[in-house]
Every structure is written in structure tokens, then in C-alpha cells.
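Visitor: Sharing a structure, written as C-alpha cells. Questions coming.
Since every read-out is calculated from the coordinates, none of them should be taken as a lab result. This one's a predicted model, so the numbers in the text were calculated from it and none came from an experiment. So basically every Cβ, Gly included, is an ideal-geometry build from the backbone, and we count neighbours across all protein chains shown.
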Amino acid sequence: MVTKLVTILYSIYLMLWMTSFIESGKIESEERVKTLYSEVLTGAMIGTLFVLPVIGKIADTAPIGLFLPGAFLLRGVIAFQFKNISEPESTLSIILSMLIIIASAIQYISVEVLFLRSLPNEIRGTMIGLGNFFGLLG
């Protein structure tokens, strides 16, 4: 649940981060921020549609001692790359914003797999991945 909240909190932070560029003139209006925000979230949702079921399946078979730290490391590496962003509308900015949302969902799956080891191996990660995807849709 906590990791799921991280995904939601990042989505809220993303809107505030993008809005902060209006004052500096790097984004021209609040309407453009809303459009950019929608593009990022839509891209992240499409990405989760394809990535999370596959990641869930991998989580079922991979040793959790490797998968869990790998998921957190992935998100950390992506988050660290934000220091390279100077233009919020750049391709790098949009891709990293999508990837950090997807990486947050991967973290959620890894934590869920850790705690839900009692479910059958054949369906555990896939069910968590699909549940997370539909949970992100609302």
C-alpha cells in the first residue's frame, strides 16, 4: 500500500514540478502544463499495460532477494537522472517522468510478491501486476 501511495504522490508532485517552470518561462502556460501532464500519465498508463504483467511474471520466477533490490535500484537510477533535466518539455523529461511512474509500480509489485508468497507461483505476480494496472486507472 505504501509503495502504491508513492506512485500517486509522484503523480501529484509531477504536476507541481511542471507548474514550477511557468514562472521561469520554460513552459508558457498552465494549459500547456495540463497537456504535458496528461501526455506523461497517458504514456505511463500505456507502458504499465505492457510492462507490469511481464514484470509480474518475472517476479514469480526470480529470487525475491535479487528482484526487490533491483526494483528499488531501477527507480533510484531513474530518479537520479532527473538532475540532467533543464527543459521540462524535452523528450528526456517526458520519458523519465513516464519511467519513474512505471518503476514505482514495479516496486509495488516487488513488495507485494515479498508479502504474498503464499499465493500460487503461477499467478501471483501476474495478478498483482494486473491489479496494480487497474488500480492506477481508478
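Visitor: Given the conditions (1) under 16 Å from the mean Cα position of the chain (by Cα); (2) in contact (Cβ under 8 Å) with a residue 24 or more places away in the chain; (3) within 19 Å of Met127 (Cβ to Cβ); (4) surrounded by fewer than 18 Cβ atoms within 10 Å (Cβ to Cβ), which single one is not true for Ile64?
Guide: For Ile64, the failing item is (1).
Visitor: Sticking with this one: Within the stretch 84-134, how many residues turn out to be of a type outside the set (A, V, I, L, M), within 26 Å of Pro63 (Cα to Cα) and either buried (at least 21 other Cβ atoms within 10 Å of the Cβ) or in contact with a Lys or Arg (Cβ under 7 Å, 6 or more places away or on another chain) (or both)?
Guide: Number of matching residues: 9.
Visitor: A further question follows. Which residues, counting only those in the stretch 14-31, are part of a helix (DSSP H, G or I) and either of a type in the set (Gly, Ala, Ser) or touching a Pro at 6+ places or on another chain (Cβ under 8 Å) (or both)?
Guide: Trp17, Met18, Ser20, Phe21, Ser24 - these are the residues of the stretch 14-31 that are part of a helix (DSSP H, G or I) and either of a type in the set (Gly, Ala, Ser) or touching a Pro at 6+ places or on another chain (Cβ under 8 Å) (or both).
Visitor: Would you be able to say whether some residue in the stretch 9-24 is closer than 30 Å to Pro120 by Cα and surrounded by fewer than 16 Cβ atoms within 10 Å (Cβ to Cβ)?
Guide: First, pick out the residues of the stretch 9-24 that are closer than 30 Å to Pro120 by Cα: none.
Checked the stretch 9-24: no residue is closer than 30 Å to Pro120 by Cα and surrounded by fewer than 16 Cβ atoms within 10 Å (Cβ to Cβ).
Visitor: Please identify the pairs in which a residue from the stretch 78-100 that is in contact (Cβ under 8 Å) with a residue 60 or more places away in the chain has its Cβ atom under 7 Å from the Cβ atom of a residue that is among the small types (Gly, Ala, Ser), counting only partners at least 6 apart or on another chain.
Guide: Within 7 Å, the pairs are Glu87/Ser93; Ile100/Ala79.
Visitor: Return the pair list, or none, for Cβ contacts closer than 8 Å from residues in the stretch 21-38 that are under 16 Å from Ser86 (Cβ atoms) to residues that are acidic (Asp, Glu) and assigned to a helix (DSSP H, G or I), at least 6 apart or on different chains.
Guide: Between residues of the stretch 21-38 that are under 16 Å from Ser86 (Cβ atoms) and residues that are acidic (Asp, Glu) and assigned to a helix (DSSP H, G or I), the close pairs are Ile22/Glu30.
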